[in-house]
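A quick write-up on the structure given underneath.
The values are calculated or read from the model by the stated rules, or taken from the named source; none is laboratory data. Treat the numbers as computed from the prediction; the structure is a model and nothing was measured. Note: ideal-geometry Cβ built from the backbone for every residue, glycine included; neighbour counts use all protein chains shown.
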Amino acid sequence: MHAFLPDFEVYTPRSLREALALLNQNNHKPLAGGTDLMVLLAAGNLPAGSYLNVNGLEELGGMEVGKDKVRLGALTTYTEIRRQAILCKEFPNLVAAARQTGALAIQNRGTIGGNIANASPAADSPPALLTYDAEIKLISEKGTRVVPYKDFHLGYKKTLLGTNELIHSVYVPRRFRNWHHYYRKVGARKSQAISKVIIAACALMNKDRIQDIRLSAGSVAPYTLRCFQTEEILRGEKKSQAAIQKAKTMILSEISPINDIRSTAKYRRYVTTQLLEEFLLSLP
Amino acid sequence: MSKNRRRIEIRFRVNRKLRRVCVHPLTRLLDILRLELGLTGTKEGCGEGECGACAVLMDGELVNSCLIPAVQLHGRSIETIEGLSKRGRLHPIQQSFIQRGGTQCGFCTSGMIMASVALLMGKKHPSSAQIGEHLAGNLCRCTGYSPIVDSVRKVGKK
Amino acid sequence: MRTKHIGERVPRREGGLKVSGRARYVDDWTLTGALYGVTVRSPVARGIIRQIGYPAGTPWEQFTIVTAADIPGSNSVANLEKDQPFLAVDRVQHAEQAILLLAHPNKSLLEKARRAVSLDIEHLPAVLSLESSLAQEQVVWGHNNVFKELKIEKGNVDGVLNNAPVIVEGEYWTGAQEQLYLETNGMIAVANPKEGVTVWGSMQCPYFVHKALMELFSLPMEKVRVVQMETGGAFGGKEDYPSVLAGHAALLAWKSGKPVKMVYDRGEDMAATTKRHPSRTQHRTVVDRNGKLLAMDIDFAIDGGGHMTLSPIVLSRGSIHAAGPYYCPNIRIHGRAVATNTPPHGAFRGFGAPQSLFALERHMDKVARTVGLSPVEFRRRNFIRQGESTATGQRIRESIQMEKLLHRALKETNYEKKVRLFAKQNLKAKVKKGMGVSCFFHGAGFTGSGEKRLASVVAVEATEQGKLRVLASITELGQGAVTIFTQIAADALGISGQDIEVAQADTAFVPDSGPTVASRTCMIVGKILESACIELKQTLIQNGLLKERYTSNAFRAACKKYVKQHGQLKSFAQYQQPSHIQWDDEKHEGDAYGTMAWAIYIAEVSVDLSTYEIRVDDFLALQEIGKVMNPLLAEGQIIGGVVQGIGYTLHENVIWNKGRMVNNRITDYIIPTSMDVPPVRVIFEENPYEFGPSGAKGIGELPLDGVAPAIVNAIESATGAAINRIPVTPEVLLEAMENTNE
């Protein structure tokens, strides 16, 4: 344990309102499940300063199933996601992501809001959320705003989240039930690995044509990518070798993978196209 | 609002006993157990939630104690390896680990056993594959895992 | 002798302590008033220390600061060569080298201070790879970077090579591997001029540490005490490094006058302590028209890092194993251990053999293919047999039956049928499957006359309660030493295992039984223990306290009586070298080992061509290990070793940058989890070794030796990719497949 604890202040607000007031006054950083921040703390790499312990705030938890959408409170854990029958049925990519995040002890603590806010390009749940047109509700003392998740990430570890804002909820619209879903994470081992490549996708078929499609990729760009152009050229296409080849070429122009300690750019490019192909071939 | 730079008082249960500690809010549960309460059965293997040697149960759920800050402990109930044997009698899972070679150097064992307990609370007779997936967050460098999986699968059997 | 314990699945004796969290590791123990200690290390691989600065802002007066100038005795770690200082003096020879030590009661302040120390180090050109060291791009050690060079020669290799129509050549590489014992290195020290030096810690070899501390402090034997605490895995990683850490903790204790605890965090342990030597092996092989080996010319080179430490011995073992379990009339093995400016590499289960055997067993597949034989048939034709001699000229005395082992292994895995089936399925499948075989041996105990030089001693004594206490410096590391010793002693005395105690390895009480390394604990030290027990029994019989036939109760009573009459009952025994062992250290010639364990490993793998992920679907580990002393523990050793081998082959990739390990976190250095391992099927064959206790041979290291080549041979059989290096990550396989397809 390398941190010098007196360098840190921690506030535990009693209510969301108090939390937002604090955020407005000061540059607090929120602390939720701790699965990212506590790692940095122990390594002596967490920036000194004030932290806001939001973990107990009821308003940020819970899950509601509405007629048109499902709301996941920002503090929803991966374990809670895995256990939700409705998510398993209608949003299997999200459940697959939760199941492959860390291992069980991490899934019991890590939260969907924390995963989004941490904004790692290798995170497991963002690609899944992107395939479901998720929206994010952000809240501050001044009010709330709901933004499409596809617009949330701006660059490496850069997001729309203001310093005075918290992620309140994630919404996923319930219109993907009849879509075909695909989520595959490739890491250095079968479990407990940080991703080298993630491809998440879903498609709505109209007979043999792809009527609509969502496609996203993790670990191959500075932030989780929604591959709009590849989607675009596939929309309305029949599943054919030609379409697959076109899509593979297009996705390579959308991603910008790098060499790092986990993998190589070359490998990431190769696997991205292979997973895309695997998804397209899996369509009926 | 409670603002804290120095120490806060935390009341929580450890192995069914009420405990009170005064610590910095970001003190890790791991350090509270080992240094404040002298419960050294819980081990530190990596300090980043990767190895599972520090795994304990919090309100019945498996967590890595190196990732739990004191400030999130209030009112919780923690169970550690020390709480498993009752009146000096080993829990059946502990017996099984001894009998089937589930422990070698012993350093992953506390976490591994707590993870196994968490699994067995929800599932009486898990399959080898389920055990494998459930224990994937607990690294072991000695056994090659199958003696551990065996220990969990055959718990309570002769 | 009746055996009631040997051969049984006796559960681990300290198991109860371990499963209940009561076993005490060094970090579980605190001395009142103790300080914590940390190490300030060089970020530079090679350089000259210009200045050490203590910038304002840190209350330095509160800290105990130790530099090389504070060392009371010799500033070199007791080892083969005196080239490794405890603390750098003016030069830095490798990245992460210890420069100074700090102690303070507050751990967090200490960490702040550690980061605050400023080091002004002038960079010197460094050698950062095996190739550049061999090429002498810079000379960073001695006059040619070579720690040790050796030659093993049998027959006339050049004669054959010069006339050979075809020479099969190959070059093979292995990477560093981190032991990743779950418990990091740790040590507590109490040291002052009056009482001397005492350390408690995690270690394999208390007497190595003992010797190191005597020299560091210029103290006589009796003023230094080393106590092993429960040790959370070692695998070779706690063979030589604990001497360094014990020295550091003791220096801080000596200067501060207070107990000092130093426990590395994972990052420091991975970056600064020893790892398996990276290696390069070149093979040139000639085979006759019947597929029989005619000549093997092998060049084996290992990267020893910044200081010599144990590299010459690793080199020796690696070289001796380099020609494997085959008979060949003409063999030349040229071995070199060379310096680079990375942290010193050290012992790791297998000790050089996994490196040279990876090369050999990959090369055997290549030779087989070249001469048009199946890998299995080619090996079958060349197995060494009783009466034939190895590379070092060791005549095989026992009736080894590699063919029989191979036959059984093939049958158990349904090998031939699967090879045909996979060949057919692979034509269409996106997931390709393959089978790979490796054949090997591992010699237990120190090489050649090493055991004779060690002259290990074991004592047994009767306690006042009439129990028998084993006194040995052998350490329990998780391998089961305490349990095996209990079994051996109980059966030698014909008493219950409950009546045996195995003393903590504490140099104040136990004799020097040699280090806990080289798969020697059971076979070598166990045999000495057996002799000590028999002698103690004879004493009781000769004194008329015990009849030839007796019960546990009678034994206890006899012991009590003897202790009452004479004050103590203790017997010592020392290693006796079997007369057949003849060894020439200079020429590396003769009986390298008293005996070897023999093994056939077969891997079945699948490779997903869309991701190049490799999965081991099935693994058969068949070995002949003399006598299986305790099947439960023996299986544990084999399965655990195989899984470490799987990591070595597929996942474990130490990434270096300017001589420093950059992926020194468990998150980034990938070892197998419970989801990554296949069922490992373990089969033992027994062929008792005359000089082992009840016929036992050593097995601890064996399983690491044969895993990598079996898996990589299987990968080649699945994909056609002729991979010559490990680890085979998917990224490596992708590159290899591109080359294969071109």
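Observations on the model:
- Checking every residue in the stretch C:535-547 against the condition of being in contact with a Cys (Cβ under 6 Å, 6 or more places away or on another chain), under 30 Å from C:GLY626 (Cβ atoms), surrounded by 23 or more Cβ atoms within 10 Å (Cβ to Cβ) and not β-branched (Val, Ile, Thr) gives zero matches.
- Some residue of the stretch B:99-108 being outside any helix (DSSP H, G or I), within 14 Å of chain A (Cβ to nearest Cβ) and over 22 Å from C:LEU632 (Cβ atoms): no
- Residue ID - surrounded by the fewest Cβ atoms within 10 Å (Cβ to Cβ), chosen from residues in the stretch B:26-66 that are more than 13 Å from chain C (Cβ to nearest Cβ) and closer than 21 Å to A:LEU46 by Cβ: B:ILE32
- Exactly one residue out of B:GLU82, B:GLU133 is of a type in the set (D, E, K, R), in contact with a Ser or Thr (Cβ under 8 Å, 6 or more places away or on another chain) and within 11 Å of chain A (Cβ to nearest Cβ): that is B:GLU133.
- Residue match in the stretch C:393-400 (condition: over 22 Å from C:GLY695 (Cβ atoms), within 26 Å of the chain's Cα centre (by Cα) and hydrophobic (A, V, I, L, M, F, W, C)): no
- Output for the stretch A:29-76, where each listed residue is out of contact with any helix residue (DSSP H, G or I) (no Cβ under 8 Å at 6 or more places or on another chain), away from chain B (no Cβ under 14 Å) and either part of a strand (DSSP E or B) or among the aliphatic types (A, V, I, L, M) (or both): A:GLU64, A:LYS69, A:ARG71
- For the stretch C:546-557, the candidate set comprises residues that are part of a helix (DSSP H, G or I) and touching a residue at least 40 places away in the same chain (Cβ under 8 Å); within that set, the residue that is farthest from C:LYS452 (Cα to Cα) is C:ALA557.
- Residues of the stretch A:77-106 classified as of a type in the set (Gly, Ala, Ser), buried (at least 20 other Cβ atoms within 10 Å of the Cβ) and part of a helix (DSSP H, G or I), total: 4
- Positions within the stretch C:522-551 being within 42 Å of the chain's Cα centre (by Cα) and of a type in the set (Lys, Arg), in sequence order: C:LYS527, C:LYS537, C:ARG549
- Among the residues of the stretch C:158-187, those that are assigned to a strand (DSSP E or B) and under 21 Å from C:ARG660 (Cα atoms) comprise C:TRP173, C:THR174.
- Selection within the stretch C:479-512 - under 25 Å from C:CYS205 (Cα atoms) and in contact with a Phe, Trp or Tyr (Cβ under 8 Å, 6 or more places away or on another chain): C:ILE500, C:VAL502, C:ALA503, C:THR507, C:PRO511, C:ASP512
- Of the candidates B:SER77, B:SER116, the single residue that is among the polar types (S, T, N, Q) and either assigned by TED's automatic domain parsing to the domain that holds B:THR27 or in contact with a Gly (Cβ under 7 Å, 6 or more places away or on another chain) (or both) is B:SER77.
- So C:ILE6, is it touching a residue at least 24 places away in the same chain (Cβ under 8 Å) and crowded, with 16+ Cβ neighbours inside 10 Å: yes
Residue-by-condition table, conditions (1) touching a Lys or Arg at 6+ places or on another chain (Cβ under 9 Å); (2) farther than 30 Å from C:PRO703 by Cβ; (3) assigned to a helix (DSSP H, G or I):
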site	(1), (2), (3)
C:ALA489	no, no, yes
C:ALA492	yes, no, yes
C:VAL525	no, no, yes
C:ILE541	yes, yes, yes
C:GLY544	no, yes, no
C:GLN565	no, yes, yes
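- Residue in the stretch C:474-485 that is in contact with a strand residue (DSSP E or B) (Cβ under 7 Å, 6 or more places away or on another chain), in contact (Cβ under 8 Å) with a residue 40 or more places away in the chain, under 23 Å from C:GLY700 (Cα atoms) and part of a loop (DSSP other than H, G, I, E, B) present: yes
- One residue from C:LYS211, C:LYS238, C:LYS258 being part of a loop (DSSP other than H, G, I, E, B), in the same structural domain as C:ILE65 (by TED's automatic domain parsing), under 26 Å from the mean Cα position of the chain (by Cα) and modelled with pLDDT of 95 or more: C:LYS238
- Applying the set (1) touching a helix residue (DSSP H, G or I) at 6+ places or on another chain (Cβ under 6 Å); (2) within 8 Å of chain C (Cβ to nearest Cβ); (3) assigned to a loop (DSSP other than H, G, I, E, B) to B:CYS140 leaves exactly one unmet item: (1).
- Filter pass, C:GLN62 being under 30 Å from the mean Cα position of the chain (by Cα), modelled with pLDDT of 95 or more and away from chain B (no Cβ under 14 Å): no
- Hits in the stretch C:601-643 - residues which are at the interface with another protein chain (Cβ under 9 Å from one of its Cβ atoms), assigned to a loop (DSSP other than H, G, I, E, B) and of a type in the set (S, T, N, Q): C:SER610, C:THR611
- Which numbered condition A:GLY143 fails, given (1) touching a strand residue (DSSP E or B) at 6+ places or on another chain (Cβ under 7 Å); (2) away from chain B (no Cβ under 14 Å): (1)
- Test result for C:PRO354, assigned by TED's automatic domain parsing to the domain that holds C:VAL607, modelled with pLDDT of 95 or more and under 24 Å from C:HIS283 (Cα atoms): yes
- Qualifying positions in the stretch C:12-57 - over 23 Å from B:LYS43 (Cα atoms) and either within 14 Å of chain B (Cβ to nearest Cβ) or among the hydrophobic types (A, V, I, L, M, F, W, C) (or both): C:VAL40, C:VAL44, C:ALA45, C:ILE48, C:ILE49, C:ILE52, C:ALA56
- Considering (1) under 14 Å from C:TRP598 (Cα atoms); (2) part of a loop (DSSP other than H, G, I, E, B), the lone condition that C:LYS404 does not fulfil carries the number (2).
- Counting the residues of the stretch A:252-284 that are under 12 Å from A:VAL197 (Cβ atoms) and either aromatic (Phe, Trp, Tyr) or away from chain C (no Cβ under 14 Å) (or both) gives 3.
- C:GLY692 meets each of the listed conditions (1) surrounded by 20 or more Cβ atoms within 10 Å (Cβ to Cβ); (2) closer than 28 Å to C:GLU178 by Cβ; (3) touching a residue at least 24 places away in the same chain (Cβ under 8 Å); (4) not polar (S, T, N, Q) apart from (2).
- The stretch C:573-627, residues that are crowded, with 24+ Cβ neighbours inside 10 Å, touching a strand residue (DSSP E or B) at 6+ places or on another chain (Cβ under 8 Å) and among the aromatic types (Phe, Trp, Tyr): C:TYR593, C:TRP598, C:TYR601, C:PHE619
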